[in-house]
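These notes are about the structure you will find just below.
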């Protein structure tokens, strides 16, 4: 079971960059089929959705960066404040 959790942890890192790449490709393509009006912003439609999904899937990356920076896994930043 530990091996499956390890794979799931590493797999969770794939979502955010994948959505970021899809957002870039959609924006560079002009938005694809989801732009309803000519001259509409390339940030609307699927590009915006992909960017939001990329942001929502950032926590695994933030945890990895915090771990590599030496922060404890379950640290409470407000504990040290008076």
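The values are calculated or read from the model by the stated rules, or taken from the named source; none is laboratory data. Note that the structure is predicted; figures quoted are calculated from it, not measured. Here Cβ is always computed from backbone atoms with ideal geometry, including for glycine, and neighbour counts include all displayed protein chains.
Of everything in the range 49-75, what is in contact (Cβ under 8 Å) with a residue 40 or more places away in the chain and part of a helix (DSSP H, G or I)? Give them in sequence order. If the condition is that a residue be in contact (Cβ under 8 Å) with a residue 40 or more places away in the chain and part of a helix (DSSP H, G or I), then 60, 61, 64 are the ones that fit.
Any residue at all in the range 22-44 that's at pLDDT below 85, surrounded by 12 or more Cβ atoms within 10 Å (Cβ to Cβ), farther than 21 Å from residue 55 by Cβ and more than 21 Å from the chain's Cα centre (by Cα)? So far as the range 22-44 goes, yes, one or more of its residues are at pLDDT below 85, surrounded by 12 or more Cβ atoms within 10 Å (Cβ to Cβ), farther than 21 Å from residue 55 by Cβ and more than 21 Å from the chain's Cα centre (by Cα).
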